[in-house]
Amino acid sequence: MNTRRTTTPQSVKASRLNRRDFLIRGGLMGAGALSLPALLAACGGDSGSTADTVGGGGGSSLFFENWPGYMDEKTIGLFQSASGVSMKYTEAFNDNNEYFAKIQPEMSKGKTIAPDILAPTFWMAARLVQLGWVQKLPKADIPNFVNLRDDLVGQSWDKGDEYHLPYQTGIAGIAYNSKITGRELKSVSDLFDPAFKGKIGMLTEMRDTIGLILMGEGKKIADITTFDAASVAFDKLEKAKSEGQIRSFTGNDYVDDLSAGNFAACVAWSGDVLQLTKDNPDVKFIVPEEGGTSWFDTMVWMKGSENASPVAKWMNFLYDPVNAARLTAFVQYISPVKGVQEELVKMGGDNAKLAEDPLLFPDAATFALLQSWGALAEDEEAKFDEAFASITGA
Amino acid sequence: MSLSSRPENVGLGVMLGLGLGAVALAAQWVKGPSALLVAVAMLAMAIGLIFTAFAGGLEARKSLAPYGLLKPGIIWLCLFFLAPLWSMVVMSLSSKTGRFDFFPDFTWNFENYRIALTKFRPQFIRSFSYAGIATLLTVVIGYPLAYFIAFRGGKYRNILLGLVVVPFFTSYLIRTLAWNNILADEGPVVSLINTLHLSGIFESLNIMQNGKLMNTPAAVIGGLTYNFLPFMVLPIYVSLEKIDVRLVDAAMDLYSSASQAFRKVVLPLSLPGLFAGGLLVFIPAAGDFVNAQFLGNPQTTMIGNSIQDQFLRQLNYPVASAMSFVLMIIITIIVLIYTKFMGTEDLA
Amino acid sequence: MSTAFSKRQKAGQRVVNIAAGAALLYLFIPIFVIVLFSFNEPKGKYNIKWQNFTLNNWAHPFVEKELTSALWVSLRIALIATIVSTILGTLIALSLSRYKFKASGAVNLFLILPLTAPEIVMGSSLATLFLNRSVDFGYVTIIIAHVMFQISFVAVTVRARIRGFDWTLEQAAQDLGATPSRAFWKVTFPLILPGIMAAALLSFALSVDDFIITFFNAGSLVTFPLQIFGASRVKISPQINVLASMLLFTSMALMAGAMVLTRRREHRHSSVARKKS
């Protein structure tokens, strides 16, 4: 192809410089690359290379990490102007376990994370308390604490309510599309009706799904402390899955599937379905006759945060029935604060109608049907989670 | 340019030394003062190399040049590819004292591997079969496209290649989610199938299940095929493009039909591209979890979902590492067989 | 025989053309869907069923604060990672294609390994390393992870592009009096630049889009794909489609621009003898 004369003396000299160029550049880069281990070691010493750190020192800023769609803008704005605290609010808490895995590397080494307040579900809060990653709340500065609903006072994993304050509570029951099912549903066993094969949804939230099935078998979930005691439910769920009864395990995404008709029925949370039942009269929510699970999300104060005063102010603010009512009108879950019903009536209009909604203010009969889980020991919980994971497909 | 021996050995030795040192430091084979010693030794090697380059004359420099160029990149890879793999192996042989023991001790615990190979065998098998089917599908769909661009593209070649790559510029997740819209129960595809009364055929082929296309193995495989199609088209194109068109013409003169010319001339010459594309599709597909998560159901979980679950949900780092390592080993064996077969040059 | 032959040929050609067209269509169907649904007005929290046409989403594309900030995070990371990996990868590619040396086979193999290792293995093993070494997850860890797989990609791509490059051109320049450095920067570099740019562009896209490796190494930092994944549990807003479409159109424009520029440069350098790879 190309014929060129081989190197002339002049180009040899030039080439020498050429190679040297490369070598120098390469050598410099190499030396630069060598400093990387030192860089790594230095990185190890840093804390918080993540998003803006707001926590730590001072009394006028607050970072609250919450679930998506779980707080209205107005309440945040009103809080900031009333208290003078500047609040950073993000909604990156999508899943208890995933968030736990995110913060574990830092918290387990005694470092701190950016958010001051998180909103874990009760069982995750129990785990955080057990691991010592949360601080005792500054209760002295939260006088509205007395407004906590009586049935929520004192938990087995936090006897004096020292570490947590409930944020919202809810019910897990069954939601169904009556147009697809063709009949009304009443019981947990309806979920296993072969007529609905491939059109049943269940939650990825283990305690709600397994809890309902256990209640369907006549068990009391508060008494379940070992995996063996619950294995009957796991077996039933495994069987239903392998027979194709269950279409998928979902998070909050069952809502659209339900209204679209992909699900005939699914295990569902009361707050999600409230609005849906108004938009689509075919969709109904029931607490099964064997019982439904009662759960709650909490607010906890992360260890290492030094914003005691803003934390107290915020929690106090939320436990004022007026603010709690506004929040309830937005998220449409059951408030842990006493006196919300009256406040909603005072707000008038659609909000007053919410005061009469049995899903937001269950009557005594419904309440009697609800059961909640106790705390599970670490190794038992691991067995529960593993078994559930292998069924839900992991 | 071939190089003379001794300086080259120095360059090779230094590169190996630096790479090894990097891994040693990152993976904590040595700690404390010994680590400092290793770092100093590495620095000494680098300086020695530069010195040799300057002092050794032209030949030396010619020999050492490539090693100089390679050093930064190779060191980076040693630090952040080899060292992590070492960490993973160590973790896979460790055991935890409790669920929330985040710093397991190394105990030569092979139990993790037993769990990985028995409890998750269905997922391993399923992953490799899904990936295999997806790879075959990418060949079927991608080969004609690559052929067209290589032989019929003309001056539009670059534009067409660009078009193949463009879907890549939307997010992987969004592309997968879009199939949710397309294959939804009340969406266009299912409606079309129902109007054409083809649902019976699809059900018997297990492409549809209970009248739905979403949340089926077919949806997962379809997602894998779609997402990795460009990885098959581009390598095939590269090897087709190298074929001298005159060879094809000569073949046409020799054989009686175009299809024979294709089979005897074009196809064999495009084999390197096919094999390269095959690897580039099969391997990421086998380890994927996004498609199974968004498009599948509890029966379609792949090994990627399991590893993710063990790592992030069960917090069982030892078992997760064992599973990753098994996956890696199986795939490395495949890659080694391939490279022995085809030679490493042609992979590009 | 010739007419029968050419008829069969034409039929065969047509089959290939149709198949190719179908494949291209297949590639773009989800893209159409993504752009289409960016104009949708979803009734529920999920953007799955077509309801109404609306320009509202495009009028307020950045209304989802978390999504937008995640996008900026991704772009920032991609920029830094691409620069670092392009430099390192190009150096490797240059050394491999310009010189024949003992270790080249081994280096080749070593380069290919990150490309062929499953992302989940690379991601989880890197995370294990960072955990063991008490490195905090965040920008640095994500950039490190991205550069790691980008280097191989850049090296392999650039090497493919400069294979067959006529290195004697540099010597010609030096014969004509240029210093080696000048010869490289003025002769070699501009000619291999398109290859480098192509590799850089593609690895930028890989970085913005990377999910699995980032998933394990991000800690609390949220990139664009991570935000989509996390939020998809609760809702999928049409703004995701809007932002994705914006990304798409921008990259298409960049690519088209690059092509036009390359074509102009080719006209300018058309007198220089060179081989295209």
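So which helices (runs of 4 or more DSSP H) stay within region C:169-277 end to end and still have 2 or more residues that are at pLDDT 80 or above and more than 30 Å from A:VAL255 (Cβ to Cβ)? Give the steps one after another, and end with the answer.
Details: elements: C:180-183, C:189-209, C:212-217, C:224-231, C:238-268.
Passing ranges, in order: C:189-209, C:212-217, C:238-268.
Picking from B:TYR156, B:TYR130, which residue would you name as being assigned to a helix (DSSP H, G or I), more than 10 Å from every other protein chain (Cβ to nearest Cβ) and in contact with a Pro (Cβ under 8 Å, 6 or more places away or on another chain)?
Going through B:TYR156, B:TYR130 in turn, just one is assigned to a helix (DSSP H, G or I), more than 10 Å from every other protein chain (Cβ to nearest Cβ) and in contact with a Pro (Cβ under 8 Å, 6 or more places away or on another chain): B:TYR130.
Name the residue that is farthest from the other protein chains (Cβ to nearest Cβ), counting only residues in region B:84-127 that are assigned to a strand (DSSP E or B) and touching an Asp or Glu at 6+ places or on another chain (Cβ under 8 Å). Can you show your working first?
Of region B:84-127, the ones assigned to a strand (DSSP E or B) are B:94-95, B:105-106.
Imposing the further condition that a residue be touching an Asp or Glu at 6+ places or on another chain (Cβ under 8 Å) reduces the set to B:94-95.
Working: B:SER94: 10, B:SER95: 14 Å.
By that ranking, first place goes to B:SER95.
Does B:GLY200 satisfy being surrounded by fewer than 24 Cβ atoms within 10 Å (Cβ to Cβ) and either small (Gly, Ala, Ser) or in contact with a Cys (Cβ under 6 Å, 6 or more places away or on another chain) (or both)? Quick ask: steps written out before the conclusion?
Details: surrounded by fewer than 24 Cβ atoms within 10 Å (Cβ to Cβ): yes; either small (Gly, Ala, Ser) or in contact with a Cys (Cβ under 6 Å, 6 or more places away or on another chain) (or both): yes.
Criteria met by B:GLY200.
So which residues in region A:229-264 are touching a Ser or Thr at 6+ places or on another chain (Cβ under 6 Å) and closer than 15 Å to A:LEU191 by Cα, if there are any at all? Give the steps one after another, and end with the answer.
Residues of region A:229-264 touching a Ser or Thr at 6+ places or on another chain (Cβ under 6 Å): A:249, A:251, A:264.
Matches in region A:229-264: A:PHE249, A:ALA264.
Picking from C:ARG76, C:ARG98, which residue would you name as being more than 20 Å from B:LEU70 (Cβ to Cβ), out of contact with any His (no Cβ under 7 Å at 6 or more places or on another chain) and not aromatic (Phe, Trp, Tyr)? Spell out how you get there, then give the answer.
Details: C:ARG98 fails: more than 20 Å from B:LEU70 (Cβ to Cβ).
After applying the criteria, what remains is C:ARG76.
With respect to C:THR116, determine if the residue is surrounded by 17 or more Cβ atoms within 10 Å (Cβ to Cβ), away from every other protein chain (no Cβ under 12 Å) and under 18 Å from the mean Cα position of the chain (by Cα).
Working: surrounded by 17 or more Cβ atoms within 10 Å (Cβ to Cβ): yes; away from every other protein chain (no Cβ under 12 Å): no; under 18 Å from the mean Cα position of the chain (by Cα): yes.
No: the conditions fail for C:THR116.
Taking C:PHE110, is it facing chain B (nearest Cβ under 8 Å), in a helix (DSSP H, G or I) and either of a type in the set (Asp, Glu) or in contact with a Leu (Cβ under 8 Å, 6 or more places away or on another chain) (or both)? Let's see the steps before the verdict.
On the way: facing chain B (nearest Cβ under 8 Å): yes; in a helix (DSSP H, G or I): yes; either of a type in the set (Asp, Glu) or in contact with a Leu (Cβ under 8 Å, 6 or more places away or on another chain) (or both): yes.
Criteria met by C:PHE110.
Report yes if some residue within region B:217-236 is within 14 Å of chain A (Cβ to nearest Cβ) and surrounded by fewer than 24 Cβ atoms within 10 Å (Cβ to Cβ); otherwise report no.
Of all residues in region B:217-236, those within 14 Å of chain A (Cβ to nearest Cβ) come to B:217, B:219-220.
Next, from what is left, pick out any that are surrounded by fewer than 24 Cβ atoms within 10 Å (Cβ to Cβ): B:217.
The answer is yes, given that some residue of region B:217-236 is within 14 Å of chain A (Cβ to nearest Cβ) and surrounded by fewer than 24 Cβ atoms within 10 Å (Cβ to Cβ).
Among the numbered conditions (1) within 24 Å of the chain's Cα centre (by Cα); (2) assigned to a helix (DSSP H, G or I), tell me where A:ARG247 comes up short.
(2)
Evaluate the following for B:LEU145: is it assigned by TED's automatic domain parsing to the domain that holds B:ILE50, touching a residue at least 12 places away in the same chain (Cβ under 8 Å) and either closer than 27 Å to C:ARG159 by Cα or not in a helix (DSSP H, G or I) (or both)?
Numbers: assigned by TED's automatic domain parsing to the domain that holds B:ILE50: no; touching a residue at least 12 places away in the same chain (Cβ under 8 Å): yes; either closer than 27 Å to C:ARG159 by Cα or not in a helix (DSSP H, G or I) (or both): yes.
So B:LEU145 does not fit the description; no.
Among what's in region A:206-222 and is in contact (Cβ under 8 Å) with a residue 60 or more places away in the chain and out of contact with any strand residue (DSSP E or B) (no Cβ under 7 Å at 6 or more places or on another chain), pick the residue that is nearest to A:PHE122 (Cα to Cα).
A:MET206
If A:ALA382 passes every condition in (1) in the same structural domain as A:MET124 (by TED's automatic domain parsing); (2) in a helix (DSSP H, G or I) but one, which one does it miss?
Condition not satisfied by A:ALA382: (1).
Can you tell me how many residues in region A:118-170 are in a helix (DSSP H, G or I), modelled with pLDDT under 90 and touching a strand residue (DSSP E or B) at 6+ places or on another chain (Cβ under 8 Å)?
Within region A:118-170, residues that are in a helix (DSSP H, G or I), modelled with pLDDT under 90 and touching a strand residue (DSSP E or B) at 6+ places or on another chain (Cβ under 8 Å) number 1.
Listed residues A:ILE180, A:ILE213; which is surrounded by 15 or more Cβ atoms within 10 Å (Cβ to Cβ), within 26 Å of the chain's Cα centre (by Cα) and outside the structural domain of A:GLU98 (by TED's automatic domain parsing)? So that I can check it myself, show each step before the final result.
On the way: A:ILE180 fails: within 26 Å of the chain's Cα centre (by Cα).
Exactly one residue qualifies, and that residue is A:ILE213.
Looking for whichever is surrounded by fewer than 20 Cβ atoms within 10 Å (Cβ to Cβ), touching a helix residue (DSSP H, G or I) at 6+ places or on another chain (Cβ under 6 Å) and either outside the structural domain of B:MET328 (by TED's automatic domain parsing) or at pLDDT below 80 (or both) here; the options are B:GLY17, B:GLY73, B:GLY21, B:GLY11. Which one fits? First the steps, then the outcome.
Details: B:GLY73 fails: surrounded by fewer than 20 Cβ atoms within 10 Å (Cβ to Cβ); B:GLY21 fails: surrounded by fewer than 20 Cβ atoms within 10 Å (Cβ to Cβ); B:GLY11 fails: surrounded by fewer than 20 Cβ atoms within 10 Å (Cβ to Cβ).
Sole residue among the options that is surrounded by fewer than 20 Cβ atoms within 10 Å (Cβ to Cβ), touching a helix residue (DSSP H, G or I) at 6+ places or on another chain (Cβ under 6 Å) and either outside the structural domain of B:MET328 (by TED's automatic domain parsing) or at pLDDT below 80 (or both): B:GLY17.
Counting only residues that are touching a Gly at 6+ places or on another chain (Cβ under 6 Å) and within 18 Å of B:PHE128 (Cβ to Cβ), which one in region B:296-326 is surrounded by the fewest Cβ atoms within 10 Å (Cβ to Cβ)?
First, pick out the residues of region B:296-326 that are touching a Gly at 6+ places or on another chain (Cβ under 6 Å): B:298, B:301, B:304.
Those left that are additionally within 18 Å of B:PHE128 (Cβ to Cβ): B:301, B:304.
Working: B:THR301: 25, B:GLY304: 28.
Per the criteria, the residue is B:THR301.
Give me the residue from region C:165-218 that is acidic (Asp, Glu) and free of Cβ contacts under 8 Å to residues at least 60 places away in the same chain and, out of that set, nearest to C:SER97 (Cα to Cα). Full working, then the answer.
Here is the first cut: in region C:165-218, the ones acidic (Asp, Glu) are C:166, C:170, C:175, C:209-210.
Subsequent filtering for residues that are free of Cβ contacts under 8 Å to residues at least 60 places away in the same chain retains C:170, C:175, C:209.
On the way: C:GLU170: 14, C:ASP175: 22, C:ASP209: 29 Å.
Among those residues, the one meeting the criterion is C:GLU170.
Test A:ALA268 against the criterion of being more than 14 Å from chain B (Cβ to nearest Cβ), among the small types (Gly, Ala, Ser) and touching an Asp or Glu at 6+ places or on another chain (Cβ under 7 Å), and give yes or no. Let's see the steps before the verdict.
Details: more than 14 Å from chain B (Cβ to nearest Cβ): yes; among the small types (Gly, Ala, Ser): yes; touching an Asp or Glu at 6+ places or on another chain (Cβ under 7 Å): no.
Against the criterion (more than 14 Å from chain B (Cβ to nearest Cβ), among the small types (Gly, Ala, Ser) and touching an Asp or Glu at 6+ places or on another chain (Cβ under 7 Å)), A:ALA268 does not qualify.
Determine whether region C:120-135 contains at least one residue that is of a type outside the set (Asp, Glu), in contact with a Cys (Cβ under 7 Å, 6 or more places away or on another chain) and within 25 Å of B:PHE289 (Cβ to Cβ).
Going residue by residue through region C:120-135, those that are of a type outside the set (Asp, Glu) are C:120-135.
Remaining after also requiring in contact with a Cys (Cβ under 7 Å, 6 or more places away or on another chain): C:135.
Imposing the further condition that a residue be within 25 Å of B:PHE289 (Cβ to Cβ) reduces the set to C:135.
Yes, region C:120-135 has at least one match.
Listed residues A:ASN323, A:ASN307; which is closer than 30 Å to A:LEU62 by Cβ and in contact with a helix residue (DSSP H, G or I) (Cβ under 8 Å, 6 or more places away or on another chain)?
Numbers: A:ASN307 fails: in contact with a helix residue (DSSP H, G or I) (Cβ under 8 Å, 6 or more places away or on another chain).
The conditions single out A:ASN323.
Only one of A:LEU128, A:LEU191 is crowded, with 21+ Cβ neighbours inside 10 Å and either out of contact with any His (no Cβ under 9 Å at 6 or more places or on another chain) or within 19 Å of A:THR293 (Cβ to Cβ) (or both). Can you tell me which?
Answer to the selection: A:LEU191.
Could you pull out every one of the helices (runs of 4 or more DSSP H) wholly within region B:173-290 that has 3 or more residues that are over 26 Å from C:LEU25 (Cβ atoms) and among the hydrophobic types (A, V, I, L, M, F, W, C)?
On the way: elements: B:188-195, B:199-204, B:217-241, B:245-254, B:258-261, B:271-287.
Of the helices (runs of 4 or more DSSP H) lying wholly inside region B:173-290, those with at least 3 residues that are over 26 Å from C:LEU25 (Cβ atoms) and among the hydrophobic types (A, V, I, L, M, F, W, C) span B:245-254, B:271-287.
Taking the residues in region C:46-59 that are part of a loop (DSSP other than H, G, I, E, B) and touching a residue at least 40 places away in the same chain (Cβ under 8 Å) as candidates, determine which candidate is farthest from the other protein chains (Cβ to nearest Cβ).
Residues of region C:46-59 that are part of a loop (DSSP other than H, G, I, E, B), as a first pass: C:46-52, C:54-55.
Within this subset, residues satisfying the condition of being touching a residue at least 40 places away in the same chain (Cβ under 8 Å) are C:46-48.
Values: C:TYR46: 4, C:ASN47: 8, C:ILE48: 6 Å.
This residue is C:ASN47.
Taking the condition of being touching a helix residue (DSSP H, G or I) at 6+ places or on another chain (Cβ under 9 Å), away from chain C (no Cβ under 12 Å) and not in a loop (DSSP other than H, G, I, E, B), how many residues in region A:78-96 meet it?
Qualifying residue count, region A:78-96: 6.
State the number of residues belonging to region A:113-128 that are closer than 24 Å to A:GLU378 by Cβ and within 11 Å of chain C (Cβ to nearest Cβ).
Start the filter on region A:113-128 by keeping residues that are closer than 24 Å to A:GLU378 by Cβ, which leaves A:113, A:118-128.
Right, trim to within 11 Å of chain C (Cβ to nearest Cβ) and you get A:113.
Qualifying residue count for the region: 1.
Which condition does B:ASN297 not pass, out of (1) modelled with pLDDT of 90 or more; (2) more than 23 Å from C:THR116 (Cβ to Cβ), if it passes all the others?
Evaluating B:ASN297 over (1) modelled with pLDDT of 90 or more; (2) more than 23 Å from C:THR116 (Cβ to Cβ) leaves (1) as the failure.
The values are calculated or read from the model by the stated rules, or taken from the named source; none is laboratory data. As the structure is a prediction and not an experimental result, all values here were calculated from the model. Virtual Cβ from ideal backbone geometry, glycine too; neighbours counted across all protein chains shown.
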